[in-house]
1. Yes or no: residue 56 among the hydrophobic types (A, V, I, L, M, F, W, C), near the ligand (Cβ under 10 Å from one of its atoms) and surrounded by 13 or more Cβ atoms within 10 Å (Cβ to Cβ)?
2. Select from the range 76-86 the residues that are loosely packed, with under 12 Cβ neighbours inside 10 Å, in a helix (DSSP H, G or I) and of a type outside the set (D, E, K, R) and list them in ascending order.
3. Scan the range 130-145 and tell me whether some residue there is within 12 Å of the ligand (Cβ to nearest atom) and of a type in the set (Gly, Ala, Ser).
4. Mind listing just one residue for me: the one in the range 66-75 that is surrounded by 14 or more Cβ atoms within 10 Å (Cβ to Cβ) and within 12 Å of the ligand (Cβ to nearest atom) and, of those, nearest to residue 143 (Cα to Cα)?
5. Cβ contacts < 6 Å: first residue free of Cβ contacts under 8 Å to residues at least 60 places away in the same chain, restricted to the range 166-177; second residue assigned to a helix (DSSP H, G or I) and hydroxyl-bearing (Ser, Thr, Tyr), any location; separation 6+ or different chain. Result?
6. With the structure loaded, tell me whether residue 147 is part of a loop (DSSP other than H, G, I, E, B), of a type outside the set (D, E, K, R) and more than 16 Å from the chain's Cα centre (by Cα) or whether it fails that test.
7. Here is a list of conditions, (1) surrounded by 19 or more Cβ atoms within 10 Å (Cβ to Cβ); (2) away from the ligand (no atom under 16 Å from the Cβ); (3) without any contact (Cβ under 8 Å) to a residue 60 or more places away in the chain, and residue 157 meets all of them except one; can you say which number that is?
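The values are calculated or read from the model by the stated rules, or taken from the named source; none is laboratory data. Values in this document were obtained by computation on a predicted structure and should not be read as measured data. All Cβ positions, glycine included, derive from the backbone under ideal geometry; neighbour counts span all protein chains shown.
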Amino acid sequence: MGCAISGLGLAPRQTTEPKSEEDAVAHLTGDQIDMIKDSWKVIQEDIAKVGIIMFVRLFETHPECKDVFFLFRDVEDLERLRTSRELRAHGLRVMSFIEKTVARLDQLERLEQLALELGKSHYRYNAPPKYYGYVGTEFICAVQPILKDKWTPELEDAWKSLFQYVTGIMKRGYQEEEQSRRYHVVVSAKERPDKKNTAL
Ligand code: HEM
């Protein structure tokens, strides 16, 4: 389960710290984007395997994340999950999102929209932002052995920054959805017919 990732907080190793999580991608240089795209070509060949490894690791290191998935929360033996069709399908959905992210590195507005919607859907899945950072960490641990000597500290920083950016926007989407639900609850409580009647 070990993984030689440096710093699990996903903070990019740079001298000038980005102002916020979302600023991280603004610090991705053209070289870093090229590095991510090149490494993705290798990762893509093992996309299903990486998805499974990533989630099994996530559930091992943070069992509280497993409870969010009603399909997996009762599975005690994590080894069984390695051959689970459901986990494979879920891993592939998440990996396809990462693929879209990589493809949209040159169109940040589209990437932002995608990540914002994903954050909103995670509010509906009851998956809170405090867990999102773990996924980037486990992704990095899962892809390191696949990239072998192509893995460098610079590539690690580039992927960390990308995850930091995406999860920062997801968090915003989650909060927007949470606020909009709260607003609707307040508004509909105010508009209750029985309330109107008492006012008459
Ligand atoms: C970088 C972080 C993450 C990314 C990129 C991500 C991505 C995705 C994607 C692409 C889906 C497919 C459905 C959709 O598009 O709405 C999904 C579903 C889901 N995610 Fe995430 N996710 C992340 C973190 C998490 C975490 C940390 C949890 C739980 C603690 C979680 C729980 C779920 C659940 C419960 C579903 C719905 C079930 C399913 O589709 O099988 N996600 N996620």
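1. In short, no.
2. None; the set is empty.
3. Yes: one or more hits.
4. 66
5. From residues that are free of Cβ contacts under 8 Å to residues at least 60 places away in the same chain, the pairs are 170/132; 174/123; 177/123.
6. When the stated conditions are applied, residue 147 does not pass them.
7. Of everything listed in (1) surrounded by 19 or more Cβ atoms within 10 Å (Cβ to Cβ); (2) away from the ligand (no atom under 16 Å from the Cβ); (3) without any contact (Cβ under 8 Å) to a residue 60 or more places away in the chain, residue 157 misses just condition (3).
Listed here are the residues, each with its yes/no results for (1) in a helix (DSSP H, G or I); (2) within 18 Å of residue 142 (Cβ to Cβ); (3) at pLDDT 90 or above.
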{"position": "18", "(1), (2), (3)": "no, no, no"}
{"position": "22", "(1), (2), (3)": "yes, no, no"}
{"position": "32", "(1), (2), (3)": "yes, no, yes"}
{"position": "37", "(1), (2), (3)": "yes, no, yes"}
{"position": "40", "(1), (2), (3)": "yes, yes, yes"}
{"position": "49", "(1), (2), (3)": "yes, yes, yes"}
{"position": "52", "(1), (2), (3)": "yes, yes, yes"}
{"position": "58", "(1), (2), (3)": "yes, yes, yes"}
{"position": "64", "(1), (2), (3)": "yes, no, yes"}
